[in-house]
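Take a look at the structure set out below.
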Amino acid sequence: VLFLGGGPQDAGNGSNQRNPSAPALTPGREPLLCSMALEHAAQCLAWSPDGTFLASGDVESLVKLWTLQTDRSARGSLDSEAALNVEHWRTVVIFRGHMMDVTGLAWAPDSGMVASSSIDNTVRVWSVAEEYRGRQHATVETEMRAVLRGHSGWVKDVAWDPVGRYLASVSDDRSVRIWRISNWHEVAKITEPFKLSKETTNRRQLDWSPDGSYLCVSHAFDEPRHVACVIERNRWLEWDGSVRLVGHQAPVSLCKFS
């Protein structure tokens with residue numbers, strides 16, 4: 001994993017002050033902040049909203065949390081392949097529970113939980129303890145906050161509602177499922193936009209609008225076009241009135257709100 005400095009904000013720590021030890025920024029020639037050696041290939045990465053953690057999901061079914069080390073005198077940490085890094089990141093916890101590759105990650109708005117999707121057909125939710133912030137060594141955690149079962153195919157992505165009430169997941173079973181955070185029960189199973197889409201694809205992705213009013217999902221199909229669909233909050237099953245994003249000539253693989 002490579003971190004590149006591209007602006008005045010120090011990567012990962014949420015600060016508005018630039019790291020004084022970082023080299024001067026030249027447009028188009030951003031300096032390398034950190035190089036981290038991963039034991040297994042990473043499938044997905046996600047920053048916590050408060051900037052404290054970087055979560056990674058890998059092909060060996062593990063979810064790892066990384067934090068920026070404050071000891072600037074350290075050189076070449078155990079997780080780094082670089083002899084000299086401007087920033088030093090270390091694994092502080094490893095969540096073990098999935099049976100197969102991790103495909104997606106999503107953080108709760110308060111950074112207190114992280115959800116992961118996997119090709120084992122499940123979504124798992126992990127609690128992020130306050131004590132993880134100051135750790136110097138990694139521990140393995142196997143206790144989960146919740147395991148969300150219901151998909152009959154590989155779960156390709158997961159997205160946390162910015163309002164904090166719902167979790168959305170998308171799967172190769174041609175469905176999107178909405179889960180209520182308060183009790184982890186399924187609220188809706190959305191299938192209509194995906195009935196004619198290809199059953200398997202490298203990517204299926206979803207994203208909430210910043211205010212949580214809409215959920216955009218890739219890899220939908222509205223004959224004869226491949227589209228991304230925009231689903232209105234709490235009107236999950238009203239496909240006839242939802243917005244289609246058209247123009248692509250092949251299946252839509254990614255979607256993202258600004």
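The values are calculated or read from the model by the stated rules, or taken from the named source; none is laboratory data. Bear in mind that the values here come from a model prediction, so they are computed numbers and not experimental data. Cβ coordinates were reconstructed from backbone atoms using ideal geometry, including for glycine residues, and neighbour counts include every protein chain displayed. Side chains included, ligands, DNA and RNA excluded: accessible areas come from the protein's heavy atoms. Shrake-Rupley method; radii C 1.70, N 1.55, O 1.52, S 1.80 Å.
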Listed by first then second residue, the pairs whose first member lies in the stretch 95-115 and is in contact (Cβ under 8 Å) with a residue 40 or more places away in the chain and on the phi < 0 side of the Ramachandran plot, whose partner is surrounded by 16 or more Cβ atoms within 10 Å (Cβ to Cβ) and of a type in the set (Asp, Glu), with beta carbons under 7 Å and at least 6 positions apart or on separate chains, are PHE95/GLU141; VAL102/ASP58; THR103/ASP157; GLY104/ASP157
Picked from the stretch 156-203 (must be of a type in the set (Gly, Ala, Ser) and out of contact with any strand residue (DSSP E or B) (no Cβ under 8 Å at 6 or more places or on another chain)), the residue surrounded by the most Cβ atoms within 10 Å (Cβ to Cβ) is GLY164
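Residues checked against (1) part of a loop (DSSP other than H, G, I, E, B); (2) polar (S, T, N, Q):
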position	(1), (2)
PRO162	yes, no
SER169	no, yes
SER182	yes, yes
LEU196	yes, no
PRO210	yes, no
PHE221	no, no
VAL230	no, no
ASN234	yes, yes
ARG244	no, no
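Per-residue answers, yes or no, for (1) out of contact with any Lys or Arg (no Cβ under 6 Å at 6 or more places or on another chain); (2) among the polar types (S, T, N, Q); (3) surrounded by fewer than 18 Cβ atoms within 10 Å (Cβ to Cβ):
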position	(1), (2), (3)
GLN205	yes, yes, no
SER209	yes, yes, yes
PRO224	yes, no, yes
GLU238	yes, no, yes
HIS248	yes, no, yes
VAL252	yes, no, no
PHE257	yes, no, yes
Filter the stretch 226-236 for residues that are out of contact with any helix residue (DSSP H, G or I) (no Cβ under 9 Å at 6 or more places or on another chain) and over 18 Å from SER197 (Cα atoms); the one that is most open to solvent (accessible area, probe 1.4 Å) is ASN234
Expected output for the stretch 37-55 (first residue within 19 Å of ARG135 (Cα to Cα) and touching a residue at least 40 places away in the same chain (Cβ under 8 Å), partner open to solvent by 40 Å² or more (accessible area, probe 1.4 Å) and part of a strand (DSSP E or B), Cβ below 8 Å, 6+ apart or cross-chain) is PHE53/TRP47; LEU54/LEU45; LEU54/TRP47; ALA55/LEU45; ALA55/TRP47
Here the qualifying pairs (Cβ atoms under 7 Å; residues six or more apart or on different chains; first in the stretch 128-154 and open to solvent by less than 80 Å² (accessible area, probe 1.4 Å); second of a type in the set (Val, Ile, Thr) and assigned to a loop (DSSP other than H, G, I, E, B)) come out as VAL147/THR122; LEU148/THR122
